[in-house]
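The values are calculated or read from the model by the stated rules, or taken from the named source; none is laboratory data. This one's a predicted model, so the numbers in the text were calculated from it and none came from an experiment. Cβ atoms come from the backbone with ideal geometry, glycine included; neighbour counts cover every protein chain shown.
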Amino acid sequence: MPQPYHLWPDLEIDGSPLSGPGESLLEQVVVDHHQHLPSMFAITFRDPARDVIGQLNVNIGSTVSIKVTPPGGTPETLIKGEVTGFEAEYDASSLRTILRGYDLSHRLHRGRNTQTYKNVTDSDIVRQVAGNANLPLGQIDSTSVTYDHVSQANQSDWDFIKSRAREIGYEMGMDDGNFYFRQPVQASNAPQNGDYQSHSDPLQLVFGDDLIEFRPRVTSAEQVSTVNVRGWDPDQKQLVVGSASAATVAASLQDDPNTLAGSFGGPTFTVVDRPLPQQPMA
């Protein structure tokens with residue numbers, strides 16, 4: 001059976017470790033990571049005297065770092081962010097104060113902007129937008145296609161960069177306090193199948209042990225054999241065409257998408273609603 005253990009969080013507020021009366025009043029720490037949104041933290045304190053905020057000397061915009069240390073391991077950062085709000089919970093039994101905040105990428109959600117970028121690559125755009133939000137830059141993978149004109153039309157910076165990442169198959173987010181815009185990291189060196197009687201790799205999921213429920217499904221619905229993209233190069237006055245066989249990098253099965261689609265005639269899927277002014281974009 002899996003061995004449960006508890007980790008005590010290490011908190012820093014504006015660079016100072018949580019200690020003294022504030023630490024004794026700490027009741028709960030929640031860190032919520034999201035693949036497509038800024039990560040969130042909520043720190044709950046018992047606050048019978050209603051003075052925790054003053055004791056901690058915390059303000060809207062204060063920086064917060066939350067780490068945990070596994071048994072026998074080294075500290076791992078769960079989130080680096082900043083406080084965006086204070087909350088209170090009063091009931092018949094207790095008074096609580098909650099500090100809530102997000103990683104720094106929440107700044108990209110504030111307001112909508114209209115901007116034009118000329119003769120730039122996507123990585124150029126990301127560096128400029130992230131820099132305007134004062135985000136520390138991490139891994140920014142360079143992109144090769146230079147656009148004559150890219151428009152941000154009344155969009156939040158987050159939605160704008162997210163749309164650029166989606167167009168070229170990149171991912172974006174925060175890692176250890178730094179903003180990244182990169183090619184997706186593909187899984188490698190995955191563990192072998194686990195055995196219920198004996199397995200020690202914590203990355204193995206074994207049904208009946210640390211895997212409680214699993215409902216896989218293989219279906220031919222919406223499967224295609226080939227994906228085609230078509231556009232128009234206005235400078236060269238010629239058609240832009242790209243084609244690729246359907247495949248997956250997320251699962252290892254006997255039947256791939258092409259095989260499943262072939263059971264019903266092998267239909268193709270053609271994309272014509274994306275601007276493709278250059279052949280490399282196809």
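Quick rundown of the values:
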item	result
Matching strands (runs of 3 or more DSSP E) fully within region 82-161 where at least 2 residues are β-branched (Val, Ile, Thr) and over 25 Å from GLY61 (Cβ atoms)	113-120
Sole residue being polar (S, T, N, Q) and at negative phi, chosen from ASN113, ASN134	ASN113
Test: residue in region 145-152 that is surrounded by 12 or more Cβ atoms within 10 Å (Cβ to Cβ), hydrophobic (A, V, I, L, M, F, W, C) and at pLDDT 95 or above	no
Residue in region 66-86 that is farther than 28 Å from VAL185 by Cα, out of contact with any Gly (no Cβ under 6 Å at 6 or more places or on another chain), at pLDDT 95 or above and surrounded by fewer than 18 Cβ atoms within 10 Å (Cβ to Cβ) present	yes
2 or more residues within 29 Å of the chain's Cα centre (by Cα), closer than 29 Å to MET40 by Cβ and at pLDDT 80 or above: qualifying strands (runs of 3 or more DSSP E) within region 175-267	178-182
Any chance THR116 is exposed (fewer than 13 other Cβ atoms within 10 Å of the Cβ), within 22 Å of SER19 (Cβ to Cβ) and hydroxyl-bearing (Ser, Thr, Tyr)	no
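Conditions (1) over 23 Å from MET174 (Cβ atoms); (2) among the charged types (D, E, K, R); (3) not assigned by TED's automatic domain parsing to the domain that holds ASP159, marked per residue:
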{"position": "ASN59", "(1), (2), (3)": "no, no, yes"}
{"position": "GLU82", "(1), (2), (3)": "no, yes, yes"}
{"position": "GLY85", "(1), (2), (3)": "no, no, yes"}
{"position": "ALA88", "(1), (2), (3)": "yes, no, yes"}
